[in-house]
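The structure under discussion appears below in the form of structure tokens.
Any read-out appearing in this document is the output of simple, stated calculations on the displayed coordinates, not a laboratory observation. As the structure is a computational prediction, the values presented were derived from the model and not from experiment. Here Cβ is always computed from backbone atoms with ideal geometry, including for glycine, and neighbour counts include all displayed protein chains.
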Amino acid sequence: MGLFIWTLLANSNRIEASDFELSGRLEQLARQGSPIGKYMLARRLLADENRRPGDVRAAIGWLQSAASEGIVDAQATLAGLVETGEIGVTQDAQRAGRLYLDAYLNGSAVARFAIINEGRERDQEVMRAMQSLLAEQGFYTSTVDGLFGGNTQRAFERALQARFLRKRES
């Protein structure tokens, strides 16, 4: 089953199956417990311009489940929705900060881009939440001000390095 998803990802522009078949297969994978299946189904439901009213609620549920099971891009996608309050998701800067930081520390390129490249434009409350979390862990020692600068970037790098070293030791 995992091979199907990875083949799907690699060949997403050359899918021969109908949209209905593809959605059905993704739903089957998600219901069988595949974390990547849950994430891909959520993404598909959110991207569907003809989605039904219950699709958004279902997509958020699948996204939350995939995020809790360690799918880092699901964590980052959910963080973005929670940060902006899009599509009916409750906006919560603290939760968005935690989700972004978790995704970043778990290796999400999406979260890395969102934090590092968009950090200077990020909502200060979300950045403040991430700085506070980094400070609690001893990585950020500057003023928690919600601004993305050199001290904040170094704190992210130190946290990521510490995470890598812990994984390597275990």
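A few notes on this one:
- Size of the chain from its Cα atoms: along the principal axes, largest to smallest, the extents are 53, 38, 25 Å.
- Nearest 10 degrees, 0 to 90: helix 35-47 Cα axis against the chain principal axis: 80
- Only Lys, Arg, Asp and Glu carry charge here, each on its Cβ (+1 for the first two, -1 for the last two); on that basis segment 24-170 has a dipole of about 480 debye about its Cα centre.
- Helix 53-68 and the longest principal axis of the C-alpha atoms of the chain enclose an angle of approximately 50°.
- Relative contact order, percent, the chain [alpha-carbon distance under 8 Å, six or more residues apart]: 12
- Summing Lys and Arg as +1 and Asp and Glu as -1 over all other residues whose Cβ lies under 12 Å from the Cβ of Ser65 gives a net charge of +1.
- Taking a sphere under 13 Å around the Cβ of Ala96 and counting the other residues whose Cβ falls inside, with K and R at +1 and D and E at -1, yields a net charge of -3.
- The stretch between Glu169 and Leu147, if pulled fully straight at 0.36 nm per residue, gains 4.6 nm over its current Cα-Cα span.
- Using a Gaussian network model of the chain in which every pair of alpha carbons under 10 angstrom is joined by a spring, one finds that among Ala79, Ala96, Ala129 the greatest mean-square fluctuation is at Ala129.
- Part-to-part distance (alpha-carbon centres) for segment 68-86 and segment 119-149, which is given in Å: 18
- Relative to the dominant Cα principal axis of the chain, helix 124-136 is inclined by about 70°.
- Inter-label distance for Asn117 and Ser68, nm, one decimal - labels placed 7 Å from Cα along Cα-to-Cβ: 3.1
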